[in-house]
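Participant: One structure coming up, written as structure tokens, with questions to follow.
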Amino acid sequence: MDVLAVILSIVLIFLAVLHFYWSIFGIKDPSAVLPTNLKNNTVKSPGKFGAVLVGILLLFFAFIFINKVLEYVDYPWLNYVSLGIGFIFIIRAFGDFKYIGFFKTAKNSKFSALDTRYYSPLCLLMGILILILEFFN
């Protein structure tokens, strides 16, 4: 199970670095990573501060899982935090039923295709792996 925790941490660190990169250098193709409506107008754009905030949050998530291996901090409530993170990723995979997730209705954009193919399955996989890590550890 330690290997699973390390893999989750690596993925989360990669995603955090990606968000920091976007906050510093901007997004080269916003239509690929930001939800758009049927007219290809961006509907949710976090901006630079939002990207940094998400990056910090993802680094915190990575610390939670790397802590399972290295055991820097030993608080019993960290298991509940980890479960919460797993549920957050699963909820993200199902989405808001309009622009993001498996059950979105706006399906005619570049983001929509990438979300269906890559982003939502990654969130679902990470959520399931986190729950497996917590329940079978």
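Participant: May I ask you to list the residues in segment 49-84 that are part of a helix (DSSP H, G or I), farther than 18 Å from Phe135 by Cβ, more than 14 Å from the chain's Cα centre (by Cα) and not aliphatic (A, V, I, L, M)?
Facilitator: Of everything in segment 49-84, those that are part of a helix (DSSP H, G or I), farther than 18 Å from Phe135 by Cβ, more than 14 Å from the chain's Cα centre (by Cα) and not aliphatic (A, V, I, L, M) turn out to be Phe49, Phe63.
Participant: Taking interchain pairs and intrachain pairs at least six residues apart, which have beta carbon atoms under 8 angstrom, with the first residue in segment 2-30 and at pLDDT below 95 and surrounded by 14 or more Cβ atoms within 10 Å (Cβ to Cβ) and the second outside any helix (DSSP H, G or I) and not charged (D, E, K, R)?
Facilitator: Ile27/Leu34; Pro30/Thr42; Pro30/Ser45
Participant: Here is a follow-up. Evaluate the following for Ile88: is it of a type in the set (A, V, I, L, M), surrounded by 14 or more Cβ atoms within 10 Å (Cβ to Cβ) and under 17 Å from Met126 (Cα atoms)?
Facilitator: yes
Participant: Residue pairs, Cβ under 8 Å, 6 or more apart or interchain, first in segment 85-96 and within 12 Å of Leu58 (Cα to Cα) and touching a residue at least 40 places away in the same chain (Cβ under 8 Å), second among the hydrophobic types (A, V, I, L, M, F, W, C) and buried (at least 22 other Cβ atoms within 10 Å of the Cβ). List them.
Facilitator: Ile85/Phe61; Ile85/Ile130; Phe89/Cys123; Phe89/Met126; Phe89/Ile130
Participant: Mind checking which residues of segment 26-48 are touching a helix residue (DSSP H, G or I) at 6+ places or on another chain (Cβ under 8 Å), closer than 18 Å to Ser120 by Cα and in a helix (DSSP H, G or I)?
Facilitator: Result: Ser31, Ala32, Val33.
Participant: Looking at the structure I just gave you, is Phe87 in contact with a strand residue (DSSP E or B) (Cβ under 7 Å, 6 or more places away or on another chain) and not in a strand (DSSP E or B)? Please lay out each step first, then the result.
Facilitator: Numbers: in contact with a strand residue (DSSP E or B) (Cβ under 7 Å, 6 or more places away or on another chain): no; not in a strand (DSSP E or B): yes.
When the stated conditions are applied, Phe87 does not pass them.
Participant: Restricting attention to segment 101-131, and to residues there that are part of a loop (DSSP other than H, G, I, E, B), surrounded by 14 or more Cβ atoms within 10 Å (Cβ to Cβ) and of a type in the set (A, V, I, L, M, F, W, C), which single residue is nearest to the chain's Cα centre (by Cα)?
Facilitator: Phe102
Participant: If you go through segment 18-33 one residue at a time, how many are among the β-branched types (Val, Ile, Thr) and under 15 Å from the mean Cα position of the chain (by Cα)?
Facilitator: 1
Participant: Separate question: What single numbered condition from (1) out of contact with any Asp or Glu (no Cβ under 7 Å at 6 or more places or on another chain); (2) crowded, with 17+ Cβ neighbours inside 10 Å; (3) more than 21 Å from Leu4 (Cβ to Cβ); (4) not small (Gly, Ala, Ser) fails to hold for Lys98?
Facilitator: (2)
The values are calculated or read from the model by the stated rules, or taken from the named source; none is laboratory data. Computed from a prediction, not measured in an experiment: that's the story for all the values here. Quick reminder, even Gly has a Cβ in these numbers, built from the backbone with ideal geometry, and neighbours come from all protein chains shown.
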